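> Dumping the structure here so I can ask a few things about it.
What follows is calculated from the coordinates using simple rules that are stated; it is not laboratory data. This is a predicted model, so every value here is computed, not measured. Counting neighbours? That spans all protein chains shown, and the Cβs are built from the backbone with ideal geometry, glycine included.
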Amino acid sequence: MPVSDKQNFERFGTNVKQFDVTGKTLLIPDMAPNASRLLAACFRSVGVNARVMETYKGLSLGKEFTSGKECFPCQVTLGDILYHLQSEKARLGPNFSPEKYVYFLPEADGPCRFGMYNKMQRLVLDRFEEYRDVPITYLSTRDAYSSADIMPAEASSVFQKLSYVAIIISDILDRTTCRVRPYEWRPGLTDSFMQKALDAVIAEVEENGTKLELKRFYNLIEDITSTAKTFIDTRQPRRPAIGIIGEIYVRTHPESNQNIVRVLEKFGGEAVVASVAEWINYVTYDKARDHERRLKLAWQNREFGSFGTILNELISTNIEKYYQLLRQYQGYSRALKHLDIHRDHRIGTIEKRLDCDRLYSFDIGTESALSIGAALEQVHEGFNGVVNVFPFTCMPSAVCTAVLKPLLNKLRMPYIDAPYDGAIQPNREIALRTFMYQAKQHLESRNSGKRNGKAAKCHIKP
Ligand code: SF4
């Protein structure tokens with residue numbers, strides 16, 4: 001029976017919702033490989049049977065059921081869920097029961113299209129009679145990814161803390177790989193070790209995660225980084241440091257970005273990819289900014305009734321912010337005892353850098369704020385090149401390009417845009433190879449003393 005538009009929209013409320021997912025099979029789309037797998041392990045530790053779906057095999061399905069105007073990550077994740085459900089149906093035959101599954105697709109509350117992915121994908125799943133009963137659940141930036149509405153309160157409190165630490169560890173694993181692999185004395189050594197390292201962290205999360213004995217995780221970080229360090233052939237000279245910024249999905253999903261980190265390594269670079277925690281920290285930071293703004297308004301308008309409530313919200317968000325800072329500091333400090341990976345920047349530093357240059361403001365928001373600020377921070381930190389990785393037609397990334405291209409050109413910092421939409425672009429490798437040549441020259445001129453090691457604090461006079 002054809003479904004009316006009204007019924008379709010009603011299903012956004014009934015079948016895209018937050019509900020207790022304990023005991024269900026939670027299907028998580030793959031993004032950053034380490035982060036996705038550790039997040040799934042955190043869910044499993046609190047009784048949710050989460051699994052990361054195979055990725056990119058269903059891209060043609062994702063493209064078939066979209067118009068071409070959607071963002072590329074929306075097409076990839078849609079393809080992943082359709083491919084997964086199709087495979088499950090083929091595997092289980094008449095025993096396939098859609099209500100056992102829950103599709104997990106987080107969202108943002110604007111201004112980007114990311115807030116609409118799960119609604120749009122609901123419309124597509126509803127076109128298949130057999131997938132109409134697969135609900136979609138989400139965490140949202142609206143409440144800083146609180147899990148309180150998708151699991152019991154006790155589990156949620158543990159999950160929230162554990163998953164944040166897991167994300168920090170996944171970032172450290174990524175940075176360890178990027179720091180060691182370009183210099184390894186035997187090809188393949190780092191990849192095979194880091195896979196074992198990931199498995200060890202997953203096992204620890206599943207077995208002991210809910211005890212929140214963070215020392216165990218920190219000890220693991222030390223074990224991993226101290227071993228990984230021994231893979232470095234110290235006779236090799238240090239390569240140009242390349243900062244990878246841009247849209248979080250495509251920059252961290254190797255299939256979508258056509259393995260850009262490995263391509264840069266092949267052409268002689270050492271990549272540092274903006275972390276996953278950067279976005280989570282930004283969401284909390286931005287929430288605190290919003291509370292501060294509302295608090296000021298309530299004071300100015302003499303709305304003393306709401307003043308106390310907002311003040312409490314601000315205090316609890318700030319506690320969360322400092323919790324995140326502390327955990328991040330602890331995790332990186334343990335890694336840095338053995339291996340000189342790049343520490344993650346603070347969101348406050350990024351904001352100051354933007355204010356300093358006055359080219360963009362946190363008031364506008366979106367990932368542009370992070371990417372522009374992170375690129376400026378990388379210039380300051382002495383990187384030798386910046387790559388902006390993003391989905392073709394991505395709105396914040398286009399803004400980012402418009403600001404960064406002239407700015408980094410002025411600062412004589414090699415910069416390249418790397419947009420992706422699933423098509424193989426024949427000249428992409430040539431462009432990256434040329435970019436790497438410029439980055440090498442940048443490093444050489446710095447080493448020869450013709451260029452300052454670190455950029456000036458403010459690049460453009462206000
Ligand atoms: S950040 Fe880019 S890719 Fe993501 S929803 Fe917004 S426009 Fe789309």
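> Taking the Cα centre as origin and putting +1 on Lys and Arg beta-carbons and -1 on Asp and Glu beta-carbons, what dipole magnitude results for the range 5-147, to the nearest 20 debye? Display every interim value, and only then the final one.
Working: 19 positive and 17 negative charges, 27 e Å.
The dipole magnitude comes to about 140 debye.
> Could you give the radius of gyration (one decimal) and Dmax (whole number) of the Cα atoms in the range 337-403, in Å?
12.8, 42
> Based only on other Cβ atoms within 10 Å, what is the fewest-to-most ordering of 275, 60?
60, 275
> Rounded to whole Å, give me the distance from the Cα center of the range 59-79 to that of the range 332-402.
Cα centroid of the range 59-79 versus Cα centroid of the range 332-402: 28 Å apart.
> Using a Cα distance threshold of under 18 Å, what count of lysine pairs results for the range 5-147 when pairs must be 8 or more residues apart or interchain?
Summing the qualifying lysine pairs gives 10.
> Find the all-direction average of the projected area of the Cα convex hull for the chain, expressing the result in square nanometres with one decimal place.
Mean orientational projected area (the chain, Cα hull): 24.4 nm².
> By the scheme Lys and Arg +1, Asp and Glu -1, what is the net charge of all other residues having a beta-carbon under 11 Å from that of residue 59?
So the surrounding residues net to -2.
> With the Cα gyration tensor of the range 5-147 in hand, give its eigenvalues times 5 under a square root as the equivalent ellipsoid semi-axes, listed largest first in whole angstrom. It would help to have the intermediate numbers written out before the result.
Values: eigenvalues 78, 74, 54 Å².
Listed largest to smallest, the semi-axes of the range 5-147 are 20, 19, 16 Å.
> Starting from the alpha-carbon convex hull of the range 92-222, give the projected area averaged over all orientations, in nm².
On the way: hull surface 47.6 nm².
The directionally averaged projection comes out at 11.9 nm².
> Report the relative contact order of the range 330-419, percent, no decimals, based on alpha-carbon pairs under 8 angstrom and at least 6 residues apart.
25
> For helix 5-15, what angle does its Cα long axis make with the longest principal axis of the chain, in degrees from 0 to 90 and rounded to 10?
Helix 5-15 sits at roughly 80 degrees to that axis.
> Relative to the first principal axis of the alpha-carbon coordinates of the chain, what is the inclination of helix 214-229, with its axis defined by its Cα atoms, in degrees from 0 to 90 and to the nearest 10?
It works out to around 40 degrees.
> Can you compute the charge dipole magnitude of the chain about its Cα centre, using +1 on each Lys and Arg Cβ and -1 on each Asp and Glu Cβ, nothing else charged? Give it in debye, rounded to the nearest 20.
1620
> Take residue 303 and residue 402, extend 7 Å from each Cα along the Cα→Cβ direction, and tell me the distance between the two endpoints in nm.
Here the modelled spin labels are 3.2 nm apart.
> Then there's this: Could you let me know the centre-to-centre spacing of the range 98-123 and the range 133-161, using Cα atoms, in angstrom?
With the range 98-123 and the range 133-161 each reduced to a Cα centre, they are spaced 14 Å.
> Relative contact order for the chain: what is it in percent, counting Cα pairs under 8 Å that are at least 6 residues apart?
Result for the chain is 16 percent.
> What are the extents of the Cα atoms of the range 189-268 along their three principal axes, listed from largest to smallest and rounded to whole Å?
So the extents along the principal axes, rounded to whole Å, are 43, 35, 20.
> Got a sec? Charge dipole of the chain, +1 on Cβ for Lys and Arg, -1 for Asp and Glu; which of 295, 282, 234 is way out at the positive end?
Positive-most Cα among the choices belongs to 234.
> Moving to a separate point now. Can you list the trypsin sites (Lys or Arg not before Pro) in the range 102-206 that are in a DSSP coil and have 13 or fewer other beta carbons within 10 angstrom?
Filter output for the range 102-206: 127.
> Please give, to one decimal in nm, the separation of the simple spin-label points placed at residue 292 and residue 427, each 7 Å out from Cα toward the Cβ.
4.5
> Turning to a different aspect of this structure: May I ask you to list the GluC sites (Glu not before Pro) in the range 183-285 that are in a DSSP loop and have at most 14 other Cβ atoms within 10 Å of their Cβ?
Answer in residue order: 213.
> For the range 5-147, calculate the relative contact order in percent as a whole number, restricting contacts to Cα pairs under 8 Å that are 6 or more residues apart.
The normalised contact order for the range 5-147 reaches 27 percent.
> Can you check what the net charge comes to around residue 167, using other residues whose Cβ is under 12 Å from the Cβ of residue 167 (Lys, Arg +1; Asp, Glu -1)?
Taking every other residue near residue 167 into account, the sum is -1.
> Right, something else. Counting other Cβ atoms within 10 Å, keep those with at most 16, restrict to DSSP loop, and tell me which chymotrypsin sites (Phe, Trp or Tyr not before Pro) in the range 131-192 are left.
On the way: sites: 131, 138, 145, 159, 164, 183, 185; in loops: 138, 145, 185.
Loop-located and lightly packed - 185.
> Test of understanding: ordering 89, 211 by Cβ neighbours within 10 Å, fewest first, what list do you get?
Placing the least packed residue first, the sequence is 211, 89.
> What FRET efficiency comes out for the pair residue 56/residue 445, r = Cβ-Cβ distance, R0 = 41 Å, nearest 0.05?
Result of the calculation: an efficiency of 0.55.
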